[in-house]
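A short reminder: the numbers here are calculations on the coordinates, not readings from a lab. Every value quoted in this text rests on a predicted model; they were computed, and no experiment measured them. With ideal geometry, Cβ positions are generated from the backbone for all residues, glycine too; neighbour counts draw on all protein chains shown.
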Amino acid sequence: MEGSRKKDQGNNGIPDIFLPFAAEEVAESLLDWYGLAGRDLPWRQTRDPYRIWLSEIMLQQTTVAAVVGYYQRFLESFPNVTALAEASLAEVIDLWAGLGYYARARNLHAAANILVADYQATFPDSVEGLMQLPGIGRSTAGAIAALAFDQQVPILDANVRRILCRLFALQEPSRLSSAEKKLWAWAELLTPQQRVHDYTQAIMDLGALVCLPRNPLCSECPLKDLCQARCSGLEQQLPLKQPGKQVPQRHAMALLIHRQERYLVRRRPTSGFLGGLWEFPSIDFGAEDFVETQMARLMADHAVCGNPQRLGSINHVYSHFRLDLQLFQLAIDDLSQIGETDTESNWCSLTQLKTLALHGAHQKALEYLGE
Ligand code: SF4
């Protein structure tokens, strides 16, 4: 096997990189395999940057199986970037309900508005231009540039990151900045000049179908003779785990007010954390605060009277904190027991709640409501 040394052409600070094989071997092997085993997915038969962007955003931290239906429904409601920009954020979030990671929906809507206002509803065709838009990082920009515009640019999504960690037997957690530079440099060196579109889809498919997070199917892998992890028997150990990080603990309580089997929910303000999502009336409080005092505040906020009953508690991890959510329920007989508030609110059956864009912890609260 012949190694190769290539000049780094990016800004990643690695001037010279040694590859233990010829870079072309990877692309050739992957493209041959892709011709036989690649997936036929709804967003594969297009070069429309809008559709590619939509699919790439939906696929972040989400499986193909979960995305397909949402992708089709989104295109029916918002067939192009202008239609998406003209929709309200609330409409977009409600259509996104159930797909999770709602910041993606907010960023889609914000980016669509920028594209219409500043780019005449077209997309920039460079990685740098695409990265100016909300919610588009370097890898997503690379995917759009490669798939829609045939630019010779790399991607480094979770699948590709895992493949490269194994292919080069990377012995450090991949999110460290030193590892990040190496991974981008490798990704750049392996991306071929020709057939970038197919190569990009091929490497995504290899991660999804063969180089699996657990128990990679090395015997079926087109890269098995090149893979440094497999040659060293390390394919199960790599990638190395990221060091754990401490996240702060927060506390809140939610009051599930119900009447005739319908529950009161309200929409959060569209700007700010979890903006535009639905939730049960709730209040944040400190670890030292008395639950009774906070419940009195929460009930006063909603001008509701009655005797709340404790249901249980939920633990949920958001990106930058852990939430302990105490749950209470309160049955009311008629609407005179509750006052008007300024926030958008609704009374929903359990069936409706299950398809509503509730944010994570409040989604979990449905487990307490049963069938
Ligand atoms: S040989 Fe195994 S570990 Fe290496 S890239 Fe292929 S599937 Fe992944």
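Based on the alpha-carbon gyration tensor of the stretch 198-302 and its eigenvalue square roots a ≥ b ≥ c, which shape applies: rounded if a/c is under 1.5, prolate if not and a/b is larger than b/c, or oblate?
Working: a/c = 4.06, a/b = 2.61, b/c = 1.56.
Cα axes put the stretch 198-302 in the prolate bin.
Is the C-alpha gyration tensor of the chain telling us rounded, prolate or oblate? Criteria: a/c under 1.5 is rounded; beyond that, a/b larger than b/c is prolate, otherwise oblate. Mind dumping the intermediate values first?
Values: a/c = 2.56, a/b = 1.91, b/c = 1.34.
Note, shape of the chain comes out prolate.
If you average the alpha carbon positions of the stretch 202-230 and of the stretch 45-87, how far apart do those two centres end up, in angstrom?
When both Cα centres are located, 28 Å separates them.
If you rank 33, 43 by fewest surrounding Cβ atoms within 10 Å, what's the result?
Numbers: 33 19, 43 22.
Sorted ascending by nearby Cβ count, the order is 33, 43.
How tilted is helix 103-118 with respect to the longest principal axis of the chain? Cα atoms for both, answer in degrees (0 to 90, nearest 10).
Once rounded, one gets 70 degrees.
In whole Hz and in residue order, list the ³J(HN,Hα) couplings for the stretch 237-249 that follow from phi through the Karplus curve 6.51 cos²θ - 1.76 cosθ + 1.60, θ = phi - 60°; x for Gly and Pro.
Per residue, the Karplus-derived 3J(HN,Hα) values read 8, 9, x, 5, 5, 6, x, x, 10, 7, 10, x, 9 Hz.
So which chymotrypsin sites (Phe, Trp or Tyr not before Pro) in the stretch 110-214 end up in coil per DSSP with only 13 or fewer other C-beta atoms within 10 Å?
Values: sites: 119, 149, 168, 184, 186, 199; in loops: 119, 168.
For chymotrypsin sites (Phe, Trp or Tyr not before Pro) across the stretch 110-214 that sit outside H, G, I, E and B with at most 13 neighbouring Cβ atoms in 10 Å, the list is empty.
Listed here are the pairs 245/354; 182/241; 241/354; 182/224; which of them are more than 28 Å apart at the Cα?
On the way: 245/354 32 Å; 182/241 17 Å; 241/354 34 Å; 182/224 21 Å.
Pairs exceeding 28 Å: 245/354; 241/354.
With a cap of 14 neighbouring Cβ atoms within 10 Å, and only residues DSSP puts in a loop, list the GluC sites (Glu not before Pro) found in the stretch 65-125.
Numbers: sites: 76, 86, 91; in loops: none.
Filter output for the stretch 65-125: empty list.
Just to check I understand the Karplus step: with θ = phi - 60° and J = 6.51 cos²θ - 1.76 cosθ + 1.60, what whole-Hz values come out for the stretch 311-327, glycine and proline as x?
9, x, 9, 10, 10, 9, 9, 8, 4, 10, 6, 9, 10, 9, 10, 8, 10
Please work out the FRET efficiency for the pair residue 152 and residue 32, using the Cβ-Cβ distance as r and a Förster radius of 30 Å; give the result to the nearest 0.05. Show your work: numbers first, answer last.
On the way: r = 20 Å, r/R0 = 0.65.
After rounding to 0.05, the efficiency reads 0.95.
Just subtract the alpha-carbon distance of residue 321 and residue 209 from 0.36 nm times their residue separation and send over the number in nm, one decimal. All intermediate terms of the calculation are to be shown ahead of the outcome.
On the way: separation 112, 0.36 × 112 = 40.32 nm, distance 3.29 nm.
Full extension of this stretch gives 37.0 nm more.
I want to make sure I understand the PRE zone here: with the label point 7 angstrom from the Cα of residue 131 toward its beta carbon, which residues in the stretch 161-182 have backbone N atoms less than 16 Å away?
It comes to 177-178, 180-182, nothing else.
Please determine, in degrees from 0 to 90 and to the nearest 10, the orientation of helix 49-59 with respect to the longest principal axis defined by the Cα atoms of the chain, where the helix direction is its Cα long axis.
Here the helix axis deviates by roughly 70 degrees.
So what's the angle, to the nearest 10 degrees on a 0 to 90 scale, between helix 196-209 and the longest Cα principal axis of the chain?
In the chain, helix 196-209 runs at an angle near 60 degrees to the longest axis.
Under the definition of Cα pairs under 8 Å and six or more residues apart, what whole-number percent is the relative contact order of the chain? It would help to have the intermediate numbers written out before the result.
Working: 569 pairs, mean separation 56.7, N = 371.
After rounding, I find 15 percent.
So what is the 222 nm mean residue ellipticity for the chain from helices alone, if each DSSP H run of at least 4 adds -39500 (n - 2.57) and you divide by all residues, rounding to the nearest 500 deg cm²/dmol?
Calculated at 222 nm, the ellipticity per residue is -12000 deg cm²/dmol.
What is the diffusion coefficient of the stretch 215-371 in µm²/s, taking the Kirkwood radius over Cα pairs and the Stokes-Einstein relation at 37 °C with a viscosity of 0.692 mPa s?
Numbers: Rh = 18.4 Å.
Translational diffusion coefficient: 178 µm²/s.
Using modelled amide H (1.01 Å from N, peptide plane; none on Pro or chain starts), what sits under 5 Å from the amide H of residue 322, excluding residues fewer than 5 places away?
Amide H neighbours of residue 322: 249, 250.
Can you check what the net charge comes to around residue 212, using other residues whose Cβ is under 13 Å from the Cβ of residue 212 (Lys, Arg +1; Asp, Glu -1)? Before the final figure, lay out each step's value.
Details: positive: 162, 166, 214; negative: 205, 220, 235.
Charge balance in the 13 Å sphere: 0.
So how far apart, in nm, are the two label points at residue 303 and residue 114 if each is 7 Å from Cα heading toward Cβ?
Between residue 303 and residue 114, the label points sit 4.1 nm apart.
Using 19 Å as the cut-off for backbone N distance, which residues of the stretch 261-305 belong to the label zone defined by a point 7 Å from the Cα of residue 90 along Cα→Cβ?
What the label zone holds, given the 19 Å backbone N cut-off, is 263-282.
Classify the stretch 131-284 as rounded, prolate or oblate, taking a ≥ b ≥ c as the square roots of the eigenvalues of its Cα gyration tensor: rounded when a/c is under 1.5, otherwise prolate if a/b is larger than b/c and oblate if not.
prolate
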